[in-house]
Amino acid sequence: MDSLNQRLAQYFEDNQTKLVSELLPATLDQLEIDYTDQELTYHFDMLSLLLDRVARSLLQHPEETNAAEIGYDTNNYLYSQGVLLKQTVDVLCVFRLSLMKHMRKSDMIKEAKVEEGFLVTEEVVTAFDAAIRATTDNYNKLKEQEHEKIEKDLNEVSTPVVLIDEFQAVLPLVGEFSPDRFEVVKDHTLHKVKEYNLRLLFIDFSGIATFDDVFIHDLFNLTKTIKLLGTRTVLTGIRTEMAMAAIDSEISFKELETYNDLKQALLSVNQNG
């Protein structure tokens, strides 16, 4: 007579569609998840693959099962739809529990030895845990890649040091600046100042949305650092409220060259040298 593992593996293969069709809608309803027909189909396909894996794991050595570890959202469809990792894991956990309850009611389990039942349960739990681990690792990897891309795009947008000629450049600052974002601007700017061996850098503030005391102090420290590198700094586009904020912060722009706008600064500096 075949072992319980073999009988259940065959049962999962023969009744895969029936099991998923019966247990999946109940799982989603229990979790109160609203789903479209497309999402239901995707869950159906993923759980069918997982049941295939469970059937194989019942016939394999544990090391072979771990080597064959697969995730649940293999095509990253749920991730692309903004589905939280917790929801995906919840589906796997509730479906697994429903599957084990279904197994417990079957004649195969009733006729099996207690030890066989425990071994089968371990295999099913292990298979689903492996899927959860792989899905979590993939989700975290995608999140990290997404974060790196956003950070890269932000860096490129935030710090466009634009060359005017061989020795002059403009740094147009646009938007809002948190301390973290300004730190990125500072590092990128100092790198470009050294890379281009700049003699003159215009920092234009026309596109600044808001600013505070921290921003003013960070700006002042940046200009001092640039000066230490031997580069002349000219500030343009400083509005009245920014000048007032600098005064309130007890920072004086008297030590710095300032102009109302970039065009005026370019004409004046290049004419007078």
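Just a few scattered comments:
- Per-residue SASA remark: residue 37, around 130 Å² accessible (1.4 Å probe; ligands, DNA and RNA not included).
- Base-10 log of normalised Debye intensity for the chain (one unit scatterer per alpha-carbon) at q = 0.13, 0.17 Å⁻¹: -0.82, -1.22
- Annotation: per residue accessible area for the chain equals 58 Å², rounded to a whole number [probe 1.4 Å, protein chains only].
- Here residue 241 and residue 196 are evaluated by their C-beta separation; at R0 = 45 Å the FRET efficiency comes out at 0.90.
- If you wrap the stretch 102-141 in the convex hull of its Cα atoms and look at it from every side, the mean projected area works out to 3.0 nm².
- Listed residue (49, 59, 19) projecting farthest to the positive dipole end of the stretch 18-60, Cβ model: 59
- Dipole orientation for the chain: of the candidates 198, 269, 87, 269 has the Cα lying most toward the positive pole (charges on Cβ; Lys, Arg +1; Asp, Glu -1).
- Counting only residues at least eight positions apart within a chain, or on another chain, the lysines with an alpha carbon under 25 Å from that of residue 105 are 18, 113.
- Share of carbon and sulfur in the accessible heavy-atom surface of the stretch 112-271 [1.4 Å probe, %]: 54 percent
The values are calculated or read from the model by the stated rules, or taken from the named source; none is laboratory data. Since we're looking at a predicted model, the values are computed, not measured. Please note: Cβ atoms are built from the backbone with ideal geometry, for glycine as well, and neighbour counts cover all protein chains shown. In case anyone asks, the SASA skips ligands and DNA or RNA and just uses the protein heavy atoms, side chains included. Shrake-Rupley method; radii C 1.70, N 1.55, O 1.52, S 1.80 Å.
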